[in-house]
Amino acid sequence: MEREPMSSDDRAEEAAAAAESAQQQQQPLEWRFAQVFGERAAGEDVQEVDIISAIEFDKSGNHLATGDRGGRVVLFERMDSGDSASRKELERQEYPIARHPEFRYRTEFQSHEPEFDYLKSLEIEEKINKIKWCQTANNALFLLSTNDKTIKYWKVQEKKVKQVSVMNSNTSRSSDNGSTSSMGTNSCTALLPNGGCSEKLYSPNNNVSFPPGGCTSLRLPVVVTGQDLNHVPRCRRVYAHAHDYHINSISNNSDGETFISADDLRINLWNLEISNQSFNIVDVKPANMEDLTEVITCAEFHPTHCNTLAYSSSKGTIRLIDMRQSALCDNHAKLFEEHDAPGSRSFFTEIIASVSDIKFARDGRHILSRDFMTLKLCDLYENDSIFDKFECCLSGDGLRVATGSYSNLFRIFGCAPGSAEASTLEASRNPMRRQVSNPARPTRTLTSLARTVRRGGENTSVDANGISYDLSTKLLHLAWHPTENSIACAAANSLYMYYA
């Protein structure tokens with residue numbers, strides 16, 4: 001059946017609706033504080049092991065995982081999920097009510113312990129470098145966590161608590177002199193046929209004296225399953241001894257069966273069910289280490305194409321590779337790089353060009369990268385801040401990006417065509433407390449993320465607008481909810497959540 005041609009009025013209304021929708025998408029979001037876990041009191045010291053070092057939403061956005069420098073993984077679950085709402089509640093809501101995601105603590109477990117490599121005389125920290133969620137199955141959660149050397153595959157499942165009841169012993173007894181004491185290891189209690197209790201002490205040769213005729217009422221303990229649920233973590237696989245250098249990233253494949261792990265010089269491909277074998281698919285180690293010019297900084301699988309992955313380097317390049325071309329992907333399918341202007345190179349050019357994080361957009365058509373940008377170099381080099389590795393993330397619709405900065409600030413930019421959105425928020429209960437004024441220019445770009453000059457104290461810097469920054473407080477890790485405008489970010493040991 002042929003469709004009737006649209007009238008001029010219909011076309012005008014459709015164009016107006018599309019323009020209005022585009023305008024709404026480009027309007028800056030108003031961000032608000034949602035909740036915080038592990039907030040510090042004023043003047044409270046932070047333990048090194050409590051500092052959050054990794055953060056990740058699962059694909060549904062209903063679960064959030066964090067890892068810390070103490071090797072622990074903490075799981076949070078969403079409380080206001082639509083799946084948990086009753087049918088009557090949904091029917092009463094004629095129009096959906098916009099509510100921010102609310103999470104609650106679920107469980108935590110010790111993922112990694114400190115180790116020592118005796119062959120290399122090297123201490124291996126327990127710090128969690130990365131966490132990646134895997135596909136769920138049978139109402140169980142699965143995730144990968146890694147420290148510098150070892151990757152672990154975890155299963156977390158709800159199980160009902162079992163308790164032993166109807167025991168065949170008393171908790172107290174009366175001695176001959178009338179005093180009451182707890183039963184020790186040298187006594188037993190036997191139930192008599194009449195329901196009474198006869199207690200005899202063990203003899204020196206550990207023989208037990210029972211009443212005449214035996215104990216006809218002896219009963220076995222009964223295991224009762226209660227209604228309380230306990231979240232039980234179990235390590236299913238350990239992937240070890242495959243990296244000579246520190247693991248900087250792990251990434252799940254869209255096939256649900258494999259994942260990659262990357263260190264400074266190699267990228268390995270693993271099967272989730274095989275822990276004693278991996279395949280080296282990228283190797284940038286030269287025959288002579290003196291010829292080494294760049295290292296791998298991050299690697300990530302394409303969200304939908306299981307044969308495609310991207311990895312970044314310390315030279316600021318991003319390489320897209322196709323695993324169908326060869327077993328060892330020495331050649332890239334596409335190279336992304338930004339050439340320096342003539343005469344702009346300096347001693348620090350390669351250091352600030354190093355890409356610290358890359359993320360594919362949800363549709364797989366765009367790659368977001370983060371480097372150190374335009375910090376004033378000589379001052380920051382004195383306190384090693386120039387080596388800080390800030391992460392980045394994209395919104396689920398791909399219209400906005402976010403990344404962290406110093407003074408526990410994080411910044412959100414609109415990346416849609418024509419968008420000039422640029423917001424600066426502080427990881428605190430009042431995120432708008434500290435607004436950074438934008439310099440007078442048409443569009444705020446990411447190149448001004450960290451333009452600072454150090455003045456005064458070693459950990460203090462002042463930018464071109466006179467705004468001071470604290471280099472000792474930095475927001476390195478953050479994650480965007482996959483389907484909603486909600487961001488979780490880590491400031492030291494505190495987990496802050498915001499919504500728009």
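The values are calculated or read from the model by the stated rules, or taken from the named source; none is laboratory data. Everything quoted here is computed from the prediction, not taken from an experiment. Quick reminder, even Gly has a Cβ in these numbers, built from the backbone with ideal geometry, and neighbours come from all protein chains shown. What goes into the accessible areas is simple: the full protein's heavy atoms, side chains included, and nothing from ligands, DNA or RNA. Shrake-Rupley method; radii C 1.70, N 1.55, O 1.52, S 1.80 Å.
Brief remarks on what is shown
- Every residue from the range 256-272 that is over 14 Å from Tyr311 (Cα atoms) and either charged (D, E, K, R) or in a loop (DSSP other than H, G, I, E, B) (or both): Gly256, Glu257, Leu272
- Within the range 305-345, being under 15 Å from Gly364 (Cα atoms) and assigned to a loop (DSSP other than H, G, I, E, B) holds for His305, Cys306, Asn307.
- Residue that is modelled with the lowest pLDDT [pool: residues in the range 353-391 that are assigned to a helix (DSSP H, G or I) and either in contact with a helix residue (DSSP H, G or I) (Cβ under 7 Å, 6 or more places away or on another chain) or buried (at least 18 other Cβ atoms within 10 Å of the Cβ) (or both)]: Leu377
- Residue match in the range 28-38 (condition: closer than 30 Å to Val156 by Cα, open to solvent by 90 Å² or more (accessible area, probe 1.4 Å), assigned to a loop (DSSP other than H, G, I, E, B) and modelled with pLDDT of 90 or more): no
- Across the range 118-131, the qualifying residues are those that are surrounded by 19 or more Cβ atoms within 10 Å (Cβ to Cβ) and in a strand (DSSP E or B), and the one among them that is farthest from the chain's Cα centre (by Cα) is Lys130.
- Hits in the range 273-295 - residues which are assigned to a strand (DSSP E or B) and β-branched (Val, Ile, Thr): Ile274, Ile281, Val282
- Residues of the range 58-77 that are open to solvent by less than 20 Å² (accessible area, probe 1.4 Å) and under 30 Å from Ile124 (Cβ atoms): Asp58, Leu64, Ala65, Thr66, Gly67, Asp68, Gly70, Gly71, Val73, Leu75, Phe76.
The rows are residues; the columns are (1) within 18 Å of Ala402 (Cβ to Cβ); (2) assigned to a loop (DSSP other than H, G, I, E, B); (3) modelled with pLDDT of 55 or more.
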| site | (1), (2), (3) |
| --- | --- |
| Phe413 | yes, no, yes |
| Pro417 | no, yes, yes |
| Ser428 | yes, yes, yes |
| Val436 | yes, yes, no |
| Leu495 | yes, no, yes |
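- The requirement of being closer than 26 Å to Lys389 by Cα and surrounded by fewer than 13 Cβ atoms within 10 Å (Cβ to Cβ) is fulfilled nowhere in the range 227-238; no residue meets it.
- Residues of the range 286-301 that turn out to be over 14 Å from Lys315 (Cα atoms), under 18 Å from the mean Cα position of the chain (by Cα) and hydrophobic (A, V, I, L, M, F, W, C), as a count: 2
- Any pair with Cβ under 6 angstrom, 6 or more apart, that starts in the range 308-331 at a residue that is basic (Lys, Arg) and ends at one that is open to solvent by 20 Å² or more (accessible area, probe 1.4 Å) and not in a strand (DSSP E or B): Lys315/Glu294; Arg319/His332; Arg324/Asn307
- Failed item in (1) modelled with pLDDT under 85; (2) surrounded by fewer than 21 Cβ atoms within 10 Å (Cβ to Cβ), with Leu449 passing the rest: (2)
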